[in-house]
Amino acid sequence: MGAIFLRGNIDVFFNLPSVMIVLGGTLAATLITFPLSEVAHAFRAAGQVFTQKKVNPNDVVRAIIALANISRRQGLVALSKVRTNNIFLKKAMMLIADGAPESLIRQSLRIEIEAMRQRHMRAQDVFRKMGYYAPAFGMLGTLIGLVQMLTQLHDPSSLGPGMAVALITTFYGSLLSSLFFLPIAGKLKNRTLLELINLEIIFEGAVCILENNNPLLIYEKLSSFIPPKLREAYRPEVIGARTDTQHSIAV
Amino acid sequence: MGAIFLRGNIDVFFNLPSVMIVLGGTLAATLITFPLSEVAHAFRAAGQVFTQKKVNPNDVVRAIIALANISRRQGLVALSKVRTNNIFLKKAMMLIADGAPESLIRQSLRIEIEAMRQRHMRAQDVFRKMGYYAPAFGMLGTLIGLVQMLTQLHDPSSLGPGMAVALITTFYGSLLSSLFFLPIAGKLKNRTLLELINLEIIFEGAVCILENNNPLLIYEKLSSFIPPKLREAYRPEVIGARTDTQHSIAV
Amino acid sequence: MGAIFLRGNIDVFFNLPSVMIVLGGTLAATLITFPLSEVAHAFRAAGQVFTQKKVNPNDVVRAIIALANISRRQGLVALSKVRTNNIFLKKAMMLIADGAPESLIRQSLRIEIEAMRQRHMRAQDVFRKMGYYAPAFGMLGTLIGLVQMLTQLHDPSSLGPGMAVALITTFYGSLLSSLFFLPIAGKLKNRTLLELINLEIIFEGAVCILENNNPLLIYEKLSSFIPPKLREAYRPEVIGARTDTQHSIAV
Amino acid sequence: MGAIFLRGNIDVFFNLPSVMIVLGGTLAATLITFPLSEVAHAFRAAGQVFTQKKVNPNDVVRAIIALANISRRQGLVALSKVRTNNIFLKKAMMLIADGAPESLIRQSLRIEIEAMRQRHMRAQDVFRKMGYYAPAFGMLGTLIGLVQMLTQLHDPSSLGPGMAVALITTFYGSLLSSLFFLPIAGKLKNRTLLELINLEIIFEGAVCILENNNPLLIYEKLSSFIPPKLREAYRPEVIGARTDTQHSIAV
Amino acid sequence: MGAIFLRGNIDVFFNLPSVMIVLGGTLAATLITFPLSEVAHAFRAAGQVFTQKKVNPNDVVRAIIALANISRRQGLVALSKVRTNNIFLKKAMMLIADGAPESLIRQSLRIEIEAMRQRHMRAQDVFRKMGYYAPAFGMLGTLIGLVQMLTQLHDPSSLGPGMAVALITTFYGSLLSSLFFLPIAGKLKNRTLLELINLEIIFEGAVCILENNNPLLIYEKLSSFIPPKLREAYRPEVIGARTDTQHSIAV
């Protein structure tokens, strides 16, 4: 079999109509299931998940503690001057600085987290559904090939090659599903889980700042989200030095 | 294979008894599972999902803020005069204007949302079940064809065409499932998720109006339901101008 | 193929040993899984679901409002004299009339609803499991047939008819599953969902009566369970007239 | 086919290596998945589920009401003298008699119920996993047989019997799964659901005794767990007579 | 068949390209789905689950009671001097000794438990996904073999051996899945459930220590997590003697 695989004529695996049936059918079913904008969004999300760096939750914890220090020394209003690229952290700080009621802050941030989770779930769902549709259309392509071949069967010796060609759509469908669509859906799910941890840290941190907890306790609570082996120790001096001067938080 | 697909005799794929077995069996199983009225409702819902425009959640947020402004200036009773085609928003405003206790308003609206979610789920379920039944009856049709063919087998040369015909019901069943029933079920599920967001915005907005929150905070809370990139900024003057004069809310 | 289906010898599909393998195996596996009494109950429930009329939730709402009127005019004790065939409504009214503490009433009714839901789920589960076992034993029957046929294979020409006979158990198993067991399981599930809505209306209605809410608000709350298009409007005079005289509620 | 089944040589279905592959593989995979002690426990539980009688929930309700009467007449301490084989009921009575705080009693009993539910779930899981592994190893055995047969293929006439032998492992695997492992898993699940109802009755009953509810209301609440048709009516005199004299509760 | 299995040429089952397709494909799909660090972590976790001893929950209960005794005699601050290898217990004692607010202690420990559960779930998920990918790539390998074989089919007598070789990847994929990946995933899940019980005991125990419950009641509550047959009786003297002298807890 090594011989077959190595010496085998690999041309037989390139077959445009088979590709068209599998990809076309999968795309058609996907575009009935989801609006085009969501499919496009899912593909963008898939692109980002392989290029964007993960945010280290230790950095998020450190940022929250820095913000807690600012709010303890300069008052909650000082949080409005913080610059950050993280829009969720930005919103949390703005609501606190604006003096919004605690229940409204909690609810708004919860809604943000839940809405974000749902959007990410829909992006995964696009790839999970494609991972389901692709083998289905692969099998449909094989059925088309078999029916055509069996109908026009005059010469038994052509049965082998005909069958080989018919099986290729099943091969494409399964390959696309097992090597691309389902792994990407899984990747998106895993990345979502990690991002949710960072959002939860910000949420719990915002609550701690509102309740004016001391930074060491904030550290104890927030670091619970991080696996013990990856937790950075609590170093108040570093944190104070780095963020007080510029009020700019890099998360 | 390109040749096969392109030159292939496409007539072989039109076969009335096969269609009858797959569609008839699927319909029979579906009508045992669901009352006729629910199947009809599911098909109507499927028709609407491809023709009706989605309501933009930004419009819902803007409408709620407009209503909050009305209630702050003219009192809660003024909400009873609001005209809107959205029956859920209408009910919420009527209950508030009638001075119903807050707990009853919350519970009534929650029941509405949950009951609506269940009804939509049942409509999806009709198509999901059809997506399951169709390939099952496709396979049953193929079994019928195979058994008949094998029983009457006198001439081995007729085996090919007979098998081709028998496989067509499997083809129909899978095609109907993968290209119509399951994508439509998915489409209905996605649309339900979007509609639920609008209902949740109205629910949270009604609670905010009851609690007399200020419009900017209402905007902060309700816009949390919308993806950050699609959020419209808060523009109090536009909102005030457009709705105060006519008391008619287009959502 | 039309010809095959129409002219085909239908006798080949009647095969007693095949029926015995599929039905016997399915029944054996089902009776290991469930006690006989539960299987009998599930079949009775399946019989009822196709013969008993659904209770219209509008009637339940109207009954609750009538009872609310009785309790407001004649006191909670008057509810004990109400005659009704609905044992859940009867229990609710009896507990209220007996002056049981509100928390105990709520908990008792919640337990009733949940216990009823679980019983109905078990009845569905009987059919869902049968829908799983039937194709499994169909396939087992085909394996028995194939093994016997292949072992005794002397004459290749008998292979076709032998295979046809072996495939019939698969046909039976799939047909029973897709046309009977699974649709009945689905039917039972859908009926349960509808009955639960009526129980929830009674539950919420009993709470409203205990809290002495006014009938219009009770109507607003309870009608939320009903799809907007099917809701009957609130007509206080009809309701009062019909129930006050006889104290007999038909739900 | 009747002839095949009835006259068929049944010897072909006894094949030791096939049994060894299916049972050995299933056992190996099961013992990797679960510790030996859990597998042994699951088999003991499966043995008991077919031999032990179910406890009638009516008896449990009656026992609780008897205990409520004892505690009302003789004080909560009297509950410590009650003899019963039900260790959950024993613990509940002991905690009440010891004067433990209500919240601790509730939490302890909840933990007992939940821990018991999890243990029963793991026992079911052993059989459910075996029900999954058995057909998988059946198919693996068939693949082994096919590969060996196809490799050594010199004489086409031996293809039939060889295939028959290879298919037997698939037959074994599916039969074990569909007739033993999965039905036993289902049986354990159903028994667990019934036992949980009895535990819930004891839990709610203990709460009622703590709150000193009157016996009729306790009956109304606890009998809600029982299907209406199977409920025993409330007979205070029988209950009083039987349990007061000996303080021994048979549940 | 015994003969086939025993005398069979076992060499045919060693086939390097087949191994490469199945393992390579599975690994590729897994590394798209998960970051390399998580896959490595999952394999480490799988190694530990077969080598590390389970912690007996009775020991955890005994340790908690010992700590409760220490805190009752020497005050909560004494808990800070306790030495233990269990980092979760250590954190709980440190937070209590530091006088952190009860709500923060509860929340921190809850977050620890939930974060640990999620990490363990991801480790299982690695193996569950591999258990799914392996048979998929096994089937893809067989399709490659079949297509190549059918394309180059000149001599029908080579069909048997060619097919045998093609089937071997399916065999590998299923074997890896059913004998390694899925059982390991199940093992990890079961171990996680056991570890979670120990964490829950520590959590509930920490709450009891905070609430200054007496040791017998703590025993009653915490032993509820342990199956009745495996519970160790409460022996206050043993517990006191062993832990008071050295303040070192072995859990």
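Could you figure out which of (1) facing chain A (nearest Cβ under 9 Å); (2) among the β-branched types (Val, Ile, Thr); (3) under 26 Å from the mean Cα position of the chain (by Cα) isn't true of E:ILE21?
Here E:ILE21 clears every test but (3).
Is it true that C:LEU193 is without any contact (Cβ under 8 Å) to a residue 60 or more places away in the chain, farther than 22 Å from B:GLY24 by Cα and not acidic (Asp, Glu)?
Working: without any contact (Cβ under 8 Å) to a residue 60 or more places away in the chain: yes; farther than 22 Å from B:GLY24 by Cα: yes; not acidic (Asp, Glu): yes.
In short, yes.
Just the residues that are under 21 Å from E:PHE225 (Cα atoms) and part of a helix (DSSP H, G or I), please, taken from region E:73-87. So that I can check it myself, show each step before the final result.
Here is the first cut: in region E:73-87, the residues under 21 Å from E:PHE225 (Cα atoms) are E:86-87.
Across region E:73-87, the qualifying residue is only E:ILE87.
Does A:LEU27 satisfy the criteria of being within 14 Å of chain B (Cβ to nearest Cβ), under 26 Å from the mean Cα position of the chain (by Cα) and of a type in the set (A, V, I, L, M)? Please lay out each step first, then the result.
On the way: within 14 Å of chain B (Cβ to nearest Cβ): yes; under 26 Å from the mean Cα position of the chain (by Cα): yes; of a type in the set (A, V, I, L, M): yes.
When the stated conditions are applied, A:LEU27 passes them.
Restricting the search to region A:100-112, which residues are more than 7 Å from chain B (Cβ to nearest Cβ) and either buried (at least 18 other Cβ atoms within 10 Å of the Cβ) or at positive phi (or both)?
Here is the first cut: in region A:100-112, the ones more than 7 Å from chain B (Cβ to nearest Cβ) are A:101-103, A:105-106, A:109-110.
Those that are more than 7 Å from chain B (Cβ to nearest Cβ) and either buried (at least 18 other Cβ atoms within 10 Å of the Cβ) or at positive phi (or both): A:ILE105, A:LEU109.
Take B:SER174 and tell me if it is part of a helix (DSSP H, G or I), in contact with a Pro (Cβ under 8 Å, 6 or more places away or on another chain) and either at positive phi or away from chain C (no Cβ under 11 Å) (or both).
yes
Any residue that is of a type in the set (A, V, I, L, M), open to solvent by less than 40 Å² (accessible area, probe 1.4 Å), at pLDDT below 95 and out of contact with any strand residue (DSSP E or B) (no Cβ under 7 Å at 6 or more places or on another chain) - is there at least one of those in region E:233-249?
Filtering region E:233-249 down to residues of a type in the set (A, V, I, L, M) leaves E:233, E:238-239, E:241, E:249.
Of the ones still in play, those that are also open to solvent by less than 40 Å² (accessible area, probe 1.4 Å) are E:239, E:249.
The next check asks that each one be at pLDDT below 95; those that pass are E:239, E:249.
From the residues that got through so far, the ones that are out of contact with any strand residue (DSSP E or B) (no Cβ under 7 Å at 6 or more places or on another chain) too are E:239.
Yes, that holds for at least one residue.
If I filter region B:150-161 down to residues being assigned to a helix (DSSP H, G or I) and within 20 Å of C:ILE168 (Cβ to Cβ), which single residue comes out as modelled with the lowest pLDDT?
So the first thing to find is which residues in region B:150-161 are assigned to a helix (DSSP H, G or I), and the list is B:150-151, B:156-161.
Narrowing the set further to residues that are within 20 Å of C:ILE168 (Cβ to Cβ) leaves B:150-151, B:159.
Values: B:LEU150: 82, B:THR151: 79, B:LEU159: 71.
Step by step, filter region B:150-161, then rank; the result is B:LEU159.
Has region A:215-226 got at least one residue that is at pLDDT below 95, out of contact with any helix residue (DSSP H, G or I) (no Cβ under 6 Å at 6 or more places or on another chain) and surrounded by fewer than 19 Cβ atoms within 10 Å (Cβ to Cβ)?
yes
Every residue, every condition in (1) over 29 Å from the mean Cα position of the chain (by Cα); (2) part of a helix (DSSP H, G or I); (3) of a type in the set (Lys, Arg), yes or no:
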{"site": "E:ALA63", "(1), (2), (3)": "no, yes, no"}
{"site": "E:SER71", "(1), (2), (3)": "yes, yes, no"}
{"site": "E:MET116", "(1), (2), (3)": "no, yes, no"}
{"site": "E:LYS129", "(1), (2), (3)": "no, yes, yes"}
{"site": "E:PHE137", "(1), (2), (3)": "no, yes, no"}
{"site": "E:GLN148", "(1), (2), (3)": "yes, yes, no"}
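Please verify whether B:THR26 is polar (S, T, N, Q) and modelled with pLDDT of 95 or more, treating the condition exactly as stated. Before you say what the answer is, go through the steps one by one.
Numbers: polar (S, T, N, Q): yes; modelled with pLDDT of 95 or more: yes.
The answer is yes for B:THR26.
For region D:41-65, name all the residues that are within 13 Å of chain E (Cβ to nearest Cβ) and among the hydrophobic types (A, V, I, L, M, F, W, C).
Selection gives D:ALA42, D:ALA45.
Counting just the residues of region E:45-99 that are without any contact (Cβ under 8 Å) to a residue 40 or more places away in the chain and within 21 Å of D:LEU36 (Cα to Cα), which one comes out least open to solvent (accessible area, probe 1.4 Å)?
E:GLY47
Take A:VAL12 and tell me if it is open to solvent by 10 Å² or more (accessible area, probe 1.4 Å), at the interface with another protein chain (Cβ under 10 Å from one of its Cβ atoms) and not acidic (Asp, Glu). Write out each step before concluding.
On the way: open to solvent by 10 Å² or more (accessible area, probe 1.4 Å): yes; at the interface with another protein chain (Cβ under 10 Å from one of its Cβ atoms): yes; not acidic (Asp, Glu): yes.
Yes: the conditions hold for A:VAL12.
Counting only residues that are under 24 Å from E:LEU140 (Cβ atoms) and hydrophobic (A, V, I, L, M, F, W, C), which one in region A:178-202 is most open to solvent (accessible area, probe 1.4 Å)? Don't jump to the end; show me each part of the working.
Looking only at region A:178-202, we keep the residues that are under 24 Å from E:LEU140 (Cβ atoms), and these are A:178-190.
Of the ones still in play, those that are also hydrophobic (A, V, I, L, M, F, W, C) are A:179-182, A:184-185, A:188.
On the way: A:LEU179: 39, A:PHE180: 97, A:PHE181: 18, A:LEU182: 34, A:ILE184: 27, A:ALA185: 8, A:LEU188: 14 Å².
Result: A:PHE180.
With the requirement that a residue be open to solvent by less than 10 Å² (accessible area, probe 1.4 Å), over 30 Å from C:SER37 (Cα atoms) and more than 8 Å from chain D (Cβ to nearest Cβ), what does region C:114-171 give you?
C:GLY160, C:ALA164
Which condition does C:SER37 not pass, out of (1) touching a helix residue (DSSP H, G or I) at 6+ places or on another chain (Cβ under 9 Å); (2) polar (S, T, N, Q); (3) within 12 Å of another protein chain (Cβ to nearest Cβ), if it passes all the others?
(1)
For region C:178-218, give me the residue count where each residue is more than 10 Å from chain B (Cβ to nearest Cβ), in a helix (DSSP H, G or I) and over 18 Å from B:GLN118 (Cα atoms).
Filtering region C:178-218 down to residues more than 10 Å from chain B (Cβ to nearest Cβ) leaves C:181, C:192, C:195, C:198-199, C:202-203, C:205-206, C:209-210, C:212, C:215.
Next cut, in a helix (DSSP H, G or I) only: C:181, C:192, C:195, C:198-199, C:202-203, C:205-206, C:209-210, C:215.
From what is left, the residues that are over 18 Å from B:GLN118 (Cα atoms) are C:181, C:202-203, C:205-206, C:209-210, C:215.
The total comes to 8.
Pull up region A:82-98, narrow it to residues that are more than 10 Å from every other protein chain (Cβ to nearest Cβ) and touching a helix residue (DSSP H, G or I) at 6+ places or on another chain (Cβ under 8 Å), then point me to the one that is modelled with the lowest pLDDT.
A:VAL82
The values are calculated or read from the model by the stated rules, or taken from the named source; none is laboratory data. Not measured: the values here are computed from a predicted model. Neighbour counts are summed over all protein chains in view; Cβ atoms, including those assigned to glycine, are modelled from backbone coordinates with ideal geometry. Note: accessible area is taken over every heavy atom of the protein model, side chains too, but ligands, DNA and RNA are not part of it. Shrake-Rupley method; radii C 1.70, N 1.55, O 1.52, S 1.80 Å.
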